[in-house]
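Chemist: One structure coming up, written as C-alpha cells, with questions to follow.
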Amino acid sequence: MIAIRLMTEDDIPEVARMEKLIFPDPWSEKVYRETFRLPDVRYLVAENDNKITGVAGVRNIVGTGEITNVMVLPEYRRKGIGRMIMEELLECGRDLGADDFTLEVREGNLGAIRLYESLGFSCEGKRPGFYRNPPEDALIMWFRKC
Ligand SMILES: CC(C)(COP(=O)(O)OP(=O)(O)OC[C@H]1O[C@@H](n2cnc3c(N)ncnc32)[C@H](O)[C@@H]1OP(=O)(O)O)[C@@H](O)C(=O)NCCC(=O)NCCS
C-alpha cells in the first residue's frame, strides 16, 4: 500500500540516506534542512509500510515550480511510485502558486525522461556539462500550463 504525504523534518535523515544511495552528488542532510525551511518549498515522500520509498520536491519561484530530488528506491521502481509522487507534487506546486514547472535531468536518464514526458513535460533546452561524476549535459524540461 503506497501513501504519498508531506515530508516532515524528522524524515530528513532517512531521505538523505536515500539520496546518498541513489545520486553520485547527493544533497546532505544540512542542505535538506536548509531548503525544507524555505517558504514556498514542499517535499513529498512516498511510504510503503512505514518505509520511505520515494521523494520529490518543488519550490515556487514567482509562478514557476522548480522540481528537484525526484527519486525512488531501486527495489520499488516501475510500480508507479514515481508517477504518483510527481502527480501529487504538481498539485502541491499549484497550491503554492506555480503555473509552470521546470526541472533538469541527465540527457541519458531515459527512464526519468519518459516519466516526465508522460506527465506532459517536454525538452526545451540543454545545459552543457551541468552534471559531474560522471560529466553529462542536462536537458531542461518544462511543463507549461497552456
Ligand atoms: C526516475 C524514477 C524516479 C522513476 O520512478 P519509478 O517509480 O520507477 O517510475 P514509475 O514506475 O512511476 O514509471 C512511470 C513511467 O515512467 C517511465 N519509466 C520509468 N522508469 C523507466 C525506465 N527505467 N525505463 C523506461 N521507462 C521508464 C515508464 O513510461 C513508466 O511507465 P510504465 O512502467 O507503465 O512503462 C526512478 O527510476 C529513480 O529514482 N531513478 C534514479 C533517480 C533519478 O534518476 N531521478 C530523476 C532525476 S531528474
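Chemist: I'd like to know if the stretch 57-64 contains one or more residues that are at pLDDT 95 or above and within 12 Å of the ligand (Cβ to nearest atom).
Modeler: Yes, the conditions are met somewhere in the stretch 57-64.
Chemist: Checking the condition surrounded by 15 or more Cβ atoms within 10 Å (Cβ to Cβ), under 19 Å from N60 (Cα atoms) and more than 11 Å from the ligand (Cβ to nearest atom), which residue from L119, L96 passes?
Modeler: L96
Chemist: Test of understanding: among P128, P134, which residue is assigned to a strand (DSSP E or B) and away from the ligand (no atom under 12 Å from the Cβ)?
Modeler: Among P128, P134, only P128 is assigned to a strand (DSSP E or B) and away from the ligand (no atom under 12 Å from the Cβ).
Chemist: Hey, could you check the stretch 23-51 for residues that are within 15 Å of the ligand (Cβ to nearest atom) and more than 17 Å from L89 (Cβ to Cβ) and say which is surrounded by the most Cβ atoms within 10 Å (Cβ to Cβ)?
Modeler: Selected residue: P26.
Chemist: Moving to a separate point now. Just to be sure I understand the filter: pairs with C-beta atoms under 7 Å, separated by 6 or more residues or on different chains, first member in the stretch 61-86 and more than 23 Å from D40 (Cβ to Cβ) and part of a loop (DSSP other than H, G, I, E, B), second member at pLDDT 95 or above and more than 6 Å from the ligand (Cβ to nearest atom). Which pairs pass?
Modeler: Pairs that qualify, where the first residue is more than 23 Å from D40 (Cβ to Cβ) and part of a loop (DSSP other than H, G, I, E, B) and the partner is at pLDDT 95 or above and more than 6 Å from the ligand (Cβ to nearest atom), are L73/M18; L73/T53.
Chemist: Working carefully through the options G125, G80, find the one that is out of contact with any Pro (no Cβ under 6 Å at 6 or more places or on another chain) and over 29 Å from M1 (Cβ atoms).
Modeler: Only one candidate qualifies: G125.
Chemist: Please specify each residue of the stretch 47-102 satisfying the condition of being β-branched (V, I, T) and over 11 Å from the mean Cα position of the chain (by Cα).
Modeler: Hits for the stretch 47-102 are I52, T53, I61, V62, T64, I81.
Chemist: Go through the stretch 96-110 and report how many residues are in contact (Cβ under 8 Å) with a residue 24 or more places away in the chain and not in a strand (DSSP E or B).
Modeler: 6
The values are calculated or read from the model by the stated rules, or taken from the named source; none is laboratory data. A quick note: this is a predicted structure, and the numbers were derived from the prediction, not measured. In this analysis, Cβ positions are derived from the backbone assuming ideal geometry, glycine residues included, and neighbour counts consider all displayed protein chains.
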